[in-house]
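Notes follow once the structure below has been shown.
All of the numbers you see were taken from the coordinates with simple rules; none came from a lab. What you see is a predicted model, and the numbers here were worked out from it, not measured in a lab. Backbone-built Cβ (ideal geometry, glycine too); neighbour counts: all protein chains shown.
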Amino acid sequence: MGAPPGYRPSAWVHLLHQLPRADFQLRPVPSGFAPREQEYQQALLLVVALAGLGLGLSLIFIAVYLIRFCCCRPPELPGAKSPPPGGGCVTWSCIAALLVGCASIGIGFYGNSETSDGVSQLSSALLHANHTLSTIDHLVLETVERLGEAVGTELTTLEEVLEQRTELVAAARAARRQAEAVAQQLQGLAFWQGVPLSPLQVAEDVSFVEEYRWLAYVLLLLLELLVCLFTLLGLAKQSKWLVIVMTVMSLLVLILSWGSVGLEAASAVGLSDFCSNPDTYILNLTQQETGLSLDILNYYFLCNQAVSNPFQQRLTLSQRALANIHSQLQGLEREAVPQFPSAQKPLLSLEETLNVTEGNFHQLVALLHCRGLHKDYGTALRGLCEDALEGLLFLLLFSLLSAGALATTLCSLPRAWALFPPRNPSALCSGSRLSEPLLPARLEPAPPSSFLAWLPEETPL
């Protein structure tokens, strides 16, 4: 199979493609891309299940750690004011984990952008291929209609004008047969006409899915960024309620992170299997969806010297017929116009139609060559198998770092929360900071009774 120009499977594709695969019964599964086979679907679901196992282990570890922290703390001595040993280390470990989470968000934004760029290249290639196929159909339809009009009007008029000269009428009828032959040959060049598979519809579906995927990841990244920032704010302000709320939100983002790990890992594995040998799968799928012959599909998907142009015979016959029509019209112009001046107008109209037909024919020859569509195929593969796969791997790295950072944060926040100073009831009433000491007695406001003593007595009515 011939690889598209400029596309070679990357090292990541080879590495991921070599990973072992197994179904639910842990039986080995071939690494060939077969999304419709049950065993292959089970292998990808098993990759997702591994992420679920990681989530379960993380939750169990956090639960055991918190239970041990709550139930196995040494009793505090009455009147002890010094913080427990290691408190500062716990707080700084929590802050370090949050900073790692913030750094992973940058990686996630980069991976999301790379994935979006790869899918955009795929959509653009599909749209360009759809434009090429539509142009071929349009040129064939326009040329056939022009030739049909020429046969039905100008050539018929020319035969009526030249009916007195049998040899000239025979030349006009020969031109008619050649024009009908050209129209018949050209109709077979519109190979995509009536095919149910539309590259435009595929591009629109891909763009629709990618738009929501990109938006979902942006929301996840922003949610984790807000959790990290507000958690750091809660630690800085020593706000217990804010830390509690962010602990619950961290647990939610931890679950989402492990879920994204499963989706990204399964997508990366499946995409690597596809990119290791894309020609075979796409060739079979396109044949099933379109019903086109293998000669046409091999010519455009492979585009090498070993595969001949399936339209070469039609193009050669059409070119010869157009050349014959051109020579016959020139002969009629030399022989008929001096004797039949009224034949000049249909002959000029036929010459104009022939020039337009030849121009359309040369455009069809260029468009039907495999270079254009094969280049679109290579662009789509590079976007999907290079940029999109690289973006998925960066998103996978983001999700793993995020999950590790949030798990560390969830273990550290309760210990950091326990180090916060107790709330000051007097400061709470006065609206001052919670960590401020009680006001001295001489600065305390006077009791309500002494305040009422300063008020003047009310004058009786």
Distance in Å, no decimals, from the C-alpha centre of the range 302-381 to the one of the range 255-288 is 44 Å
Rounded to whole angstrom, the alpha-carbon centroid of the range 176-216 lies from that of the range 24-70 at a distance of 41 Å
Once the in-chain neighbours fewer than 8 apart are removed, the aspartates and glutamates whose Cα is under 12 Å from K345 read E154, E333
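Sort 142-148, 49-55, 403-409 for me by packing, meaning the mean count of neighbouring Cβ atoms within 10 Å per residue, highest on top.
Descending mean neighbour count gives 403-409, 142-148, 49-55.
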Semi-axes a, b, c in Å (a largest) for the range 187-295, each sqrt of 5 times a Cα gyration tensor eigenvalue, come to 49, 15, 8
Magnitude of the Cβ-charge dipole (Lys and Arg +1, Asp and Glu -1) of the chain about the Cα centre, nearest 20 debye, reported as 2140 debye
Protection proxy (average C-beta count within 10 Å per residue), highest first, orders 285-293, 376-384 as 376-384, 285-293
In Å, the C-alpha Rg and Dmax of the chain are 38.9, 139
Long-range amide H partners of A22, meaning residues 5 or more apart or on another chain whose placed amide H is closer than 5 Å, are V29
Simple spin-label estimate for S120/W92, 7 Å along Cα→Cβ, in nm, reads 4.3 nm
Given 193-206, 156-169, the highest-first ranking by average Cβ count within 10 Å works out to 156-169, 193-206
